[in-house]
1. Report, for the chain, the % of DSSP beta bridges that are antiparallel, rounded to 5.
2. Taking the Cα of residue 235, stepping 7 Å toward and past its beta carbon, and measuring to each backbone N in the range 145-186: which are under 20 Å?
3. Between residue 181 and residue 30, what length comes free when the chain is fully extended (0.36 nm per residue of separation minus the Cα-Cα distance, one decimal in nm)?
4. Highest mean first, how do 156-163, 14-21 rank when packing is the count of other Cβ atoms within 10 Å averaged over residues?
5. Just grab the label-to-label distance for residue 8 and residue 256, each label 7 Å out from Cα along the Cβ direction, in nm (one decimal).
6. Tell me the angle of helix 5-14 to the major Cα principal axis of the chain, expressed in degrees between 0 and 90 and rounded to the nearest ten.
7. In nm, give the distance between the simple-model label positions of residue 210 and residue 53, each being 7 Å from the Cα along the Cα-to-Cβ direction.
8. What number in nm² do you get for the range 58-172 if you take the convex hull of its Cα atoms and divide its surface by four?
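Just so it is clear, none of the values below were taken in a lab; they were calculated from the coordinates. Just so we're clear, the structure is a prediction, and the values are computed from it rather than from any experiment. Note: ideal-geometry Cβ built from the backbone for every residue, glycine included; neighbour counts use all protein chains shown.
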Ligand SMILES: O=C(O)CCC(=O)C(=O)O
C-alpha cells in the first residue's frame, strides 16, 4: 500500500490522519466473531442469537452484550479480559498493510519497530465509566521518552464509527505542544480507567475535529496529540483495537516488560472448579 506525500504532510501538520481500508472486513469480523464466541461461553443459552448468519454484526448481539454488562458486570469483565488476551487481537498486526503503514508514518522500517499497549475497547452506549478525558498517549507510554514523533497511536475501527458512536475528539496540531504535564487520577478499582489528563487550559487553544472512521480504517495519531473518547449516543457498541508503535532504534527508546494482572472473578471460578475435582 502506498502512502501519498499529501497523507504524510497532513499527518505532520495535524498530528493525526485516518487511513482508509487497511484491514480487510473478513479480518475484522474474525475479531468480532471471537468476541461473540466468548459471549456464548458465558451465556450459552442466548438462543435469540441462533438464527443469524453473522450474529457478531447484528444489533441483537450488541443488545445481549449490554444486557450482560448490566446484569452481571463481573462476567462481562471476564469476557472482556478473555477477549483482551486473545490471539485474534494480535493477529491483526500480521495483516500485510498494517506494519507498512505504521512504518511509513514513523519514517522507519517495520522491522525496527516495537509495539505496546495492545488494547480492545468495547464502548457501550451512554457509557461514562471507561471514557478517557483529554490526554496524550505519551503520558501513558514513555517508550520514546523525549520524542513523541517516534511513536504512533494506531486505532482500528471494528465497525463504521460515526460521531454519534463516539468517534474520538482530536485537537488538530496539538502534537506541537510536546508532552504537557498531566493531571493524574489513579485507577479507582479493577474496572475503572486511570486518567492522565491534559489540562483544559491547554486544550482550549486548539480547533477540535473528530476521528470518524469506516470499518477496517485506522486512525493514526502522534503520541503528543491531545484526544479524548467520544460519547456513544448510538444504540450500538463501539468496538476498537488500539496499538502503539515505537521506534526501537531511536536513542530515547526505553524497553519494557509486562506485568500480568489476572481477572479476579475468573481466578476464583477456576479455583472453585479445581476444588470440585
Ligand atoms: O477509544 C477511545 O475512546 C479512547 C482511546 C484512547 O484515546 C487511547 O487509548 O489512548
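1. 100 percent
2. 159-167
3. Working: separation 151, 0.36 × 151 = 54.36 nm, distance 3.92 nm.
Full extension from residue 181 to residue 30 adds 50.4 nm.
4. 156-163, 14-21
5. 2.8 nm
6. 90 degrees
7. Once both label points are built, they end up 3.1 nm from each other.
8. 8.9 nm²
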